[in-house]
Structures are given as C-alpha cells and as structure tokens.
Amino acid sequence: MSIDSPARPETAASAGTANDPARRTAAGAATTDGGRPEERTVRRKGQLPTLTGLRFPVALLVFLFHAVLPFTSIRIFADSGVERGIYGSLSMVAGLVMPFWFMLSGFILVWSARQGDTAKAFWRRRYAKIVPPYLVAWLVALVLVDGVDGEPTTPLQGFLSFFMLQSWVPDIPTNFAVNNVSWSLSAEAFFYLSFPALFLVLKRIPAHRLKYWIGGIIAAIAVTPLITYAIIPVGTEVVPNEPGQSANYFWFAYVLPAGRLLDFALGMFVGRAVLLGRWRNIGMVWSGLLLAVAYVVGLYVPWLWGLRLICVVPAAMMIAAGAIADNEDRFTIFRNRAMTWLGEISFAFYLVHFTVLEYTRRLLGDPLFDTPAAVGIVVGEAVVAVLLAWALYSWVEVPLTRRLGRSRKDREAAEAAKAAKAAAAVAAAKVAASRAAAETAGASAETTRALAGADEGKGL
C-alpha cells in the first residue's frame, strides 16, 4: 500500500497567503486524470526546528508535574502546603502536554510524508526510532524501580508493557506499569499503525472541506467526556493522584489509544491544511497567549473537559504557527541550536525522567526536605535526566534508527548510489583535469609558435 504524498509543484503559494483567491486558484489549476482539480502544496522545508525546540519545554512541564506527584516513591518536599500549591498549579499539564504531543506527531508525519513511500517502509522507520530507546528505558526502569509507587510489576503487566499494549486495559496499575510514562507510547504505536490508512483518506479530502473535518474532530473530542459519563461505569477505583476522580473515566477519556487517535488525526488534518494554504495563522505569540489562557481556564473547568478539550485548539494553532514560521524562515525563540538540541533529546528525556525521580527517592531514603533543598534536588534530577537522555539519544536512538530504519536491500542500494555518485565526481574531476591540461598544452604551443614567429621576424 502506497502512502506517498502529493507531488510538489515548482511554484506554490506560501502558507501566509492562504486567503488569496487568485493564488489558490493558480495553485490548484492542475487536474488529475479524473478531471478533479489536483491539490497543490506549499513549498515546504524538510526541517522544522521551531517544532523540534518546542518539544523540550513541553517535556520539562511533564517532568515538573511528576516531580511533585503525591506518591511516596517520588515526593521529597517536607512542606506539604508548598507541594500541594505547586502540584495544583501544574495539575492541568496533562491536559496540555498529551494533546500537544499527539497532534504534533500527526502533523509532522503529514509534513514529512515521502513521495512513493509504502506502509511497510513507514512502519519500519517509525518503530526503528521508538522501539529501541523504549525497550532500553523499560529495562532500566524494571531493574532500578520495578513497579510504580512501591507496587511490584506482575508478569502480565510486564508483558503488556513490553509490547506496548498496556493502555488498552482498563486498569490504572497496568497502564502505568514498569515505566510510568510508557503508556503514551502504547498510544503512539497504535497511531503509527493507523497512519497509512488515515493518510490515504486525508489525501482524498478536497482542500475546501478540510475545515469541516477539523471542526468535526474537535467536536468529537469535546463530546468524549459526555460519552464517558454516559456509557462507562464510575466504578470504585480512583486516580491515584486525583482521589476524587474515577479511574474508569480517566482510562476511557484520557488513556485509551482509540480515543486519543482523535488528537493524532487532528494534527494530521491541521498539517494538511497548512500544506494546502488553508490555515488561518495567527502567529506564535498570539497562539502562545491563547494556550496560556486556556491552561488557566482548564484549572477551573470539570476535570475531564480540562484533560481532553480546553488546550486542544490553542495547541493546534501553536503547532501550525511554528511550522509556518520555520517554512518562511522567520525568527522564533525555539529554533536556536540549544533549543533544537534539547528538542532532539526530549523523547529520550521523557522516557527516563520518571525512573530518575523514583530512583533518586530510593537513594535518598525516607527523609523529606525543606523547600530550598527539595528544589535543589529537583534541579539535580532534571540535570541527571538530561544527561541520561543525551546518552540514550546518542548511543541508542540515533545509531539504531539509522541501522534499522531501512532494510539491507535499501541500505545497499543507498551505498551503491553513494559510491556511484562519488565515482562520477572523480570521473568528472579527471575529465576537467584532462581538459585543463589540454588547454594548458594548447596555450603553451600557441605561445611557442608566437615566439618562433617573432624570432623569424627579427631574423628578416
């Protein structure tokens, strides 16, 4: 099955001219064999450093939220009032971060879709990127902490977590078994499995209808809490860090990969709209302000709506604004070298940070610490997590992605093409050298003849 992206035009309207009817008409003037206008994409750049740089602040928010969880396996603040205050201000991080990451994943995959790509090749690349670091982090967590908040991992939980199936089970301890944060990779694995089929559907939707699909997906996300309340039994289990909330509701509305596919699909549709010049961009500043306001609002709305809806639209606007800024070579504070490097290691940082938090608590023993000391410990934990993330990224993620992301046949073909290109360059250099030598010899002969003629003239 082919999942190739539309052919790129030689010239196309920029994303910033989405509302220019003349340009839209010119960009869509070509037709397919069936007579329907062929959608033309904006000229896109392969790298989106702003979106890469944005990943680390988002990952850092997750770290800070987890650092103040009221779990005995993590908490280090002696002053419970300070701890509760920090936790309260960060309690809506989950409602911002996961929609952002899931949408960013869908957006990037649409943006970077390769012409002539196949589902098999796509799956190979994606799983080569996420599975090796996932398994290394999983093994480290199993060895160092073996469980979440003091509860040992059962064989079934370990099996499901190892194969990224833990989020399909309506059981909170299973969802967060071994490496607490790995539940989201269970959802990502499902997204990658679904992407080729979703992308084929997406490409068949006319550009002018994308806004209706985007609105429909947002509406589906909005009614998720209502569906949850209507069909899911409240049960007796509660969310460990939110004892007033049903664990069943939390699993269905927030954890279940089938429901989170809506966030991923929204990112795909927004990415397609940006590529086709159909997105109304308000810029990163206004998108960021709107996201900040939405976050604060999320602290005061009913819990499930805060987790599932409030930050979705502003996060989508921020992602689109970042991509458009990069595509138009405009300055953003997230595209410098330091931020892009931190963004590149952010996946590894996400994988290791919870284990760092739990293992640090074990090393420190039972004592709790006053606020300045506790803050210092959290900073130290962040530094250790960054260093471990750098190692995981450099020694596992990058080399194994390169090695496993392509089949041996593809690697050999690429190496042969590289060798052929090098040989052609050497041959061209030799031809150029031969021509230069011939021209030099010709010039020397001409000079010699000229001198001989001058000597003959003097003799006369």
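Nothing in this text is a laboratory measurement; each read-out follows from the coordinates by a stated rule. On a predicted model such as this, the values are computed, not experimentally measured, just so you know. Neighbour counts are summed over all protein chains in view; Cβ atoms, including those assigned to glycine, are modelled from backbone coordinates with ideal geometry.
Per-residue 3J(HN,Hα) values for the stretch 235-243, derived from phi via the Karplus relation 6.51 cos²θ - 1.76 cosθ + 1.60 with θ = phi - 60°, read x, 10, 6, 10, 6, x, 8, 9, x Hz in sequence order (x marks Gly and Pro). Sorted on the mean count of surrounding Cβ atoms within 10 Å across their residues, most packed first, peptides 230-238, 193-201 read 193-201, 230-238. Each residue of the stretch 380-387 was assigned a 3J(HN,Hα) from its phi angle through the Karplus expression (A = 6.51, B = -1.76, C = 1.60, θ = phi - 60°), giving x, 4, 5, 5, 4, 4, 5, 5 Hz with x at Gly and Pro.
Distant-in-sequence amide contacts of Thr118, defined by a placed amide H-H separation under 5 Å and a gap of 5 or more residues or a different chain, comprise Ile3.
Listed peptides 348-357, 174-183, 161-170, 217-226 appear in the order 348-357, 174-183, 161-170, 217-226 once ranked by packing, highest mean of other Cβ atoms within 10 Å at the front.
Using a ≥ b ≥ c from the Cα gyration tensor of the stretch 195-235 (square roots of the eigenvalues), is it rounded, prolate or oblate, where a/c under 1.5 gives rounded and otherwise the larger of a/b and b/c decides, a/b for prolate? Could you put the intermediate results ahead of the total?
Working: a/c = 5.88, a/b = 2.19, b/c = 2.68.
Verdict is oblate for the stretch 195-235.
Here's the picture: charge each Lys and Arg Cβ at +1 and each Asp and Glu Cβ at -1 in the stretch 47-406, and of Thr401, Phe349, Leu60 the one pushed furthest to the positive end of that dipole is Thr401. Taking 0.36 nm per residue of sequence separation and removing the Cα-Cα distance, the Ser89/Leu144 pair yields an extension gain of 16.8 nm. Taking Cβ atoms as reference points and 12 Å as the exclusive limit, the residues near Arg308 contribute a net charge of 0, counting Lys and Arg as +1 and Asp and Glu as -1.
A simple charge model with +1 on the Cβ of Lys and Arg, -1 on the Cβ of Asp and Glu and nothing else charged puts the dipole of the stretch 47-406 at about 1840 debye relative to its Cα centre. Amide H to amide H, with H built 1.01 Å from N, Gln245 comes under 5 Å of Val239, counting only residues 5 or more places away or on other chains.
Highest mean packing first, where packing is the average number of other Cβ atoms within 10 Å per residue, the peptides 112-124, 254-266 line up as 254-266, 112-124. Pop a pseudo-label 7 angstrom from the Cα along the beta-carbon direction at both Ala119 and Val384 and give the gap in nm to one decimal. A separation of 4.4 nm, rounded to one decimal place.
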